[in-house]
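Shown next, in structure tokens, is the structure this report addresses.
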Amino acid sequence: MFQQIRLALIVFFSLALAACGGGGSSGSGSTTGSGGTGGTGTMAIAVPDALTVISSDPLSFNGQVSSTAGVITNMFWQVEALTLGANALTSVTNADCKLMTKSATGADASCILQVTPPTLLTADYTYKLTLNGTDVKGNTIKASTTLLVKKEASATFNPVAKTGGDVTATSGDKVTLSCAGSGGTPAVTGDPYAYQWVITDAAGTTLKLATTDTATTSFIAPVVTAQTTLKFQCRVTDDKQKLGTAVQTVVVNPIIKPTVVPISYSGGVVAAGATVTLDGSKSVKYDANGKLIDGGVIFYFWKQKSGPAVDIFNAFSSVASTALPKLVSTRTTFVFTLNVSNAVITPGGFSTDPITSMDVVFYVDPLPPISLVSYTPTQVVASGSAVVLKVDAPSNTGTSLVYYSWTQVSGPPVILAGSTTGNAGFVAPTVSADTLMVFRASGSYQPITVSNPGTAAIDVLVLVQAVPIPKSN
């Protein structure tokens, strides 16, 4: 029985090495070529035919591996430049085949490699793409194809930026600027262009744009005593980092009655789960002649404009606050609007005097993915001894709490102490034959429940040795 358990542990470590790219070629051998199919005996492999492209658009290569010996346990792509001095591919995705499709039996598997040719080529570049496969018996196979990117793939034109028409506003007004990109080489996925707004002529005034990296932005027209012209440049960048620009002109007229101007320096990139301050205390009031009124009464109302809903505390004060979500999957934008007026603002956002508004933008980045490690992945213990199971999440930056949960996967049932901590423990059962026990640790940024099983998991093994049988006299 102990020999069977030892064999199980050897297989476990072999699979772990294969998953990390370790081990060597064995089994039925391997095949290489310029695409198509290949294989001998136990395993078979297929990769796409050699490809030639004249653009830098993203590409996909679907490789397939099968085995008559059983489950395909590991696949990965290797990418190498065959042309001396060739620039590296702009992006390579899923080379480790973490995204793999398998048949019901697991004996047939496919893996799609995604690559993007470089944006700058000084010659025709050739790349070799090799797919490797391993089955449950340790048999390996590989096959190669080639990608030829022609020099003309780097040719492109600059994108064109186009702003909205010229704008006329009065001091204290909210002014919206818009820009649109066209031409060039727009990105195939995500936003086709990147935008940037730059104040090129503030005419001696103080300005703050609500955002600088979006197609549309806004600002509060500054207080002026004479008609003033402001200029803003929109910069549009395409997928090949080519640039196009355009200028938007805004003419600001002086105020003709007492006006409140909202001012806030809140906003920016913040950590997930942070409590942020919405500060409008720098807002000011001017009289009809454009003179600052010291100590003038200003009425406030903070309201959320976009993003997942959150509660705002002290929304009718100059300084409010809110707690941003702890769990977001991608960078998430939250926009809050500071409304000010000379008269009371109702919860519905109405006032007997004109309301002037300003947007405040926060960006919340997701917490880092959790990856668990165990410093005691396998243990051999005696019956009746105390066993400690340890797990840690080294990927956690320490800025947020990680919750743990231990469950028993196999073996004689035992009572786990500390099952919601990184260190669990139990007393090894008394067994008459060497027995393998498997325990699973899960980790999450929120408490682990049936509906939230955690975002990462790892198994640890404990081999409990049998109680020695006393020799008879």
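The values are calculated or read from the model by the stated rules, or taken from the named source; none is laboratory data. Note that the structure is predicted; figures quoted are calculated from it, not measured. Glycine gets a Cβ as well: all are built from the backbone with ideal geometry, and neighbour counts include every protein chain shown.
The table below lists the values:
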item	result
Long-range neighbours under 6 Å by Cβ, at least six apart or interchain, first residue surrounded by fewer than 20 Cβ atoms within 10 Å (Cβ to Cβ) within region 105-120, second of a type in the set (D, E, K, R)	Thr119/Lys240
Meets criteria (modelled with pLDDT of 95 or more and surrounded by 12 or more Cβ atoms within 10 Å (Cβ to Cβ)) for Lys326	no
Selection count where residues are farther than 20 Å from Asp279 by Cβ, without any contact (Cβ under 8 Å) to a residue 60 or more places away in the chain and touching a Phe, Trp or Tyr at 6+ places or on another chain (Cβ under 7 Å), scope region 309-348	3
Answer residue from region 65-83, given it is out of contact with any Gly (no Cβ under 9 Å at 6 or more places or on another chain) and under 19 Å from Asn132 (Cα atoms) and is surrounded by the fewest Cβ atoms within 10 Å (Cβ to Cβ) among those	Glu80
Entirely in region 61-108, the strands (runs of 3 or more DSSP E) that have 1 or more residues that are over 24 Å from the mean Cα position of the chain (by Cα) and acidic (Asp, Glu)	72-81
Residue list for region 296-343, filter: outside any strand (DSSP E or B), closer than 23 Å to Thr217 by Cα and among the β-branched types (Val, Ile, Thr)	Val310, Thr330
Subset of region 411-430 (residues that are more than 18 Å from Ala466 (Cβ to Cβ) and either surrounded by 13 or more Cβ atoms within 10 Å (Cβ to Cβ) or outside the structural domain of Gly443 (by TED's automatic domain parsing) (or both))	Leu416, Ala417, Gly418, Ser419, Thr421, Gly422, Asn423, Ala424, Gly425
Selected residue (only one of Asp96, Asp124 is assigned by TED's automatic domain parsing to the domain that holds Val65 and modelled with pLDDT of 90 or more)	Asp96
Members of region 217-244 that are in contact (Cβ under 8 Å) with a residue 60 or more places away in the chain and polar (S, T, N, Q)	Ser218, Thr225, Thr237, Gln241
Residue list for region 265-303, restricted to those being polar (S, T, N, Q) and either farther than 13 Å from Leu338 by Cα or free of Cβ contacts under 8 Å to residues at least 40 places away in the same chain (or both)	Thr275, Ser281, Asn289
Any hit, region 399-410, residues being over 21 Å from Thr455 (Cβ atoms) and surrounded by fewer than 17 Cβ atoms within 10 Å (Cβ to Cβ)	yes
Per-region count, region 439-462, residues assigned to a strand (DSSP E or B) and of a type in the set (Val, Ile, Thr)	3
Candidate set from region 464-473 (those that are assigned to a loop (DSSP other than H, G, I, E, B) and polar (S, T, N, Q)); member that is nearest to the chain's Cα centre (by Cα)	Ser472
Pair list, Cβ under 7 Å, 6 or more apart: region 70-98 residue without any contact (Cβ under 8 Å) to a residue 40 or more places away in the chain and within 15 Å of Ser144 (Cβ to Cβ), other residue surrounded by 18 or more Cβ atoms within 10 Å (Cβ to Cβ) and hydrophobic (A, V, I, L, M, F, W, C)	Ala95/Phe76; Ala95/Trp77; Ala95/Leu113
Any chance Ala393 is modelled with pLDDT under 90, hydrophobic (A, V, I, L, M, F, W, C) and touching a strand residue (DSSP E or B) at 6+ places or on another chain (Cβ under 7 Å)	yes
Every residue from region 257-272 that is within 24 Å of Thr332 (Cβ to Cβ) and outside any loop (DSSP other than H, G, I, E, B)	Gly268, Val269, Val270, Ala271
Condition met for Thr346 (farther than 28 Å from Val270 by Cα, hydroxyl-bearing (Ser, Thr, Tyr), not assigned by TED's automatic domain parsing to the domain that holds Leu401 and not in a strand (DSSP E or B))	yes
Only one of Asp353, Asp359, Asp365 that is at pLDDT below 90, under 31 Å from the mean Cα position of the chain (by Cα) and acidic (Asp, Glu)	Asp365
Any hit, region 152-175, residues being among the hydrophobic types (A, V, I, L, M, F, W, C) and touching an Asp or Glu at 6+ places or on another chain (Cβ under 7 Å)	no
Failed condition for Leu461, given (1) surrounded by 17 or more Cβ atoms within 10 Å (Cβ to Cβ); (2) within 35 Å of the chain's Cα centre (by Cα); (3) at pLDDT below 95	(3)
Lone qualifier among Ala215, Ala203, Ala194 - being among the aliphatic types (A, V, I, L, M), at positive phi, at pLDDT 90 or above and in contact with a strand residue (DSSP E or B) (Cβ under 7 Å, 6 or more places away or on another chain)	Ala203
Residue match in region 330-345 (condition: touching a Gly at 6+ places or on another chain (Cβ under 6 Å), at pLDDT below 95 and closer than 21 Å to Val261 by Cβ)	no
Total residues in region 121-131, condition within 14 Å of Met75 (Cα to Cα) and buried (at least 21 other Cβ atoms within 10 Å of the Cβ)	2
